[in-house]
Amino acid sequence: MIQLPIALQAYSLRKIFEDNPLQALRIIRNAGFNGVEFYGSHFQPELYAALLKETGLVCAGWHTGIDDLEKNFDGILRRNLAVGNRYICVPYFKSDSVDGWLAFAGRLNAIAEKLARYGMRTGYHSHAHDHQSVQGRIPWEIVAENTSPQVILQLDTGNAMCGGADVFSVLSRYPGRNQSIHLKPYAENGGYEPAIGEDDLPWEKILSWCENEGRTEWLVIEYEMEKDPAAASERSLRFLRNLRPC
């Protein structure tokens, strides 16, 4: 059985979370998740800590845009320290040039250096376009190879497969860089609709690598679709809990 803690990205329940965050976190806790990964800044900072205390969940990460990190570093730092979060991952970036991606890698390095003194790390969460060629280079590889080991490579499995990548090959290429990973289902015929275990990803290999070579600390499930996300997230968690890595 999987021994690593499993969180749910709150974006999976975004309609509930943005209307009633306590209800969303109670759904996450009652489903059996260990933690929650936040996104955005929809509420007052004090509320996030209160939500965690009320539900007993752990903050497994917080998705924060790189512009916000640079412009409001002190405020974001205080917010994350207040909930005990160690991982602030940038959820999205896009450029049409290699130079743009190299510049982005430099920005991540600068943020990582500032966070290190507080025992925290930044990272980058992948989308489909990160695995598709830009001027003959793959953006995910540019980021990986031009950032310090302090920068987390938060691979999103479903997005990577959607982008045409061999997910396990991409994951296993950078051991020790996936302290947090997004487990998102994807199927050739069903897209993002299936739950984990009902899709086409090689979950046994992925989870075995995370537990052994990857030095992964948090598995974060993210369900993309808006139709019945709570049930799909719970089925995904149940499948992973019963999985026996190869």
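Search the structure for amide H atoms under 5 Å from the amide H of GLU37, placed 1.01 Å from N in the peptide plane, and list their residues when 5 or more places away or on another chain.
Amide H neighbours of GLU37: LEU8, GLN9, ALA10, ALA60.
With the other protein chains left in place, how much accessible area per residue, in square angstrom, belongs to the stretch 154-246 at a 1.4 angstrom probe?
Details: 3830 Å² over 93 residues.
Counting only protein heavy atoms, the per-residue value for the stretch 154-246 is 41 Å².
Taking springs between alpha-carbon atoms closer than 10 angstrom, which of VAL167, VAL90, VAL134 fluctuates most in the Gaussian network model of the chain?
VAL134
Report the local net charge at THR64: Lys and Arg +1, Asp and Glu -1, summed over other residues whose C-beta lies under 15 Å from its C-beta. Intermediate results must be reported in sequence, preceding the final value.
On the way: positive: LYS71, ARG78, ARG79, ARG86, ARG107, LYS114, ARG121; negative: GLU37, ASP67, ASP68, GLU70, ASP74.
Net local charge, THR64 excluded: +2.
Kindly sort ARG241, ARG215, ARG177, ARG86 by accessible area of their heavy atoms, largest first, with the probe set to 1.4 Å.
Working: ARG241 55, ARG215 150, ARG177 25, ARG86 110 Å².
Output order, biggest surface exposure first: ARG215, ARG86, ARG241, ARG177.
With no solvent and one point on each alpha carbon, what is the Debye value of log10 I(q)/I(0) for the stretch 107-246 at q = 0.12, 0.13, 0.17 Å⁻¹?
-0.48, -0.57, -0.94
Using only protein heavy atoms and a 1.4 Å probe, report how much of MET1 is accessible, in Å² to the nearest 10.
120 Å²
Can you give the accessible area of LEU57, probe radius 1.4 Å, in Å² rounded to 10?
10 Å²
Give a residue-ordered list of calculated ³J(HN,Hα) values for the stretch 193-198 (Karplus: 6.51 cos²θ - 1.76 cosθ + 1.60, θ = phi - 60°; whole Hz; x for Gly, Pro).
6, x, 7, 4, x, 10
With a cap of 15 neighbouring Cβ atoms within 10 Å, and only residues DSSP puts in a loop, list the trypsin sites (Lys or Arg not before Pro) found in the stretch 121-173. Each step should come with its number before you reach the end.
On the way: sites: ARG121, ARG137, ARG173; in loops: ARG173.
Of the trypsin sites (Lys or Arg not before Pro), the ones in loops of the stretch 121-173 whose Cβ has at most 15 other Cβ atoms within 10 Å are ARG173.
Whole-Å semi-axes of the chain's equivalent ellipsoid, largest first, each the root of 5 times a Cα gyration tensor eigenvalue? If you can, show how the numbers build up before the last one.
Values: eigenvalues 124, 111, 52 Å².
Taking √(5λ) for each Cα gyration eigenvalue gives 25, 24, 16 Å.
Karplus couplings for the stretch 146-155 from phi (6.51 cos²θ - 1.76 cosθ + 1.60, θ = phi - 60°), rounded to Hz, Gly and Pro as x?
With coefficients 6.51, -1.76 and 1.60, one gets 10, 10, 6, x, 6, 8, 6, 9, 7, 4 Hz.
In whole angstrom, how far apart do the alpha carbon centroids of the stretch 183-207 and the stretch 27-59 sit?
Comparing the Cα centres of the stretch 183-207 and the stretch 27-59, I get a distance of 26 Å.
Of LYS71/LYS227; LYS15/LYS114; LYS94/LYS227, which ones are farther than 32 Å apart at the Cα? Show your work: numbers first, answer last.
Values: LYS71/LYS227 35 Å; LYS15/LYS114 34 Å; LYS94/LYS227 27 Å.
Result: LYS71/LYS227; LYS15/LYS114 exceed 32 Å.
The values are calculated or read from the model by the stated rules, or taken from the named source; none is laboratory data. Quick caveat, the model's predicted, so the values are computed rather than measured. All Cβ positions, even for glycine, are placed from backbone atoms using ideal geometry, and neighbour counts span all protein chains on display. Ligands, DNA and RNA are excluded from the accessible area calculation, which covers all protein heavy atoms including side chains. Shrake-Rupley method; radii C 1.70, N 1.55, O 1.52, S 1.80 Å.
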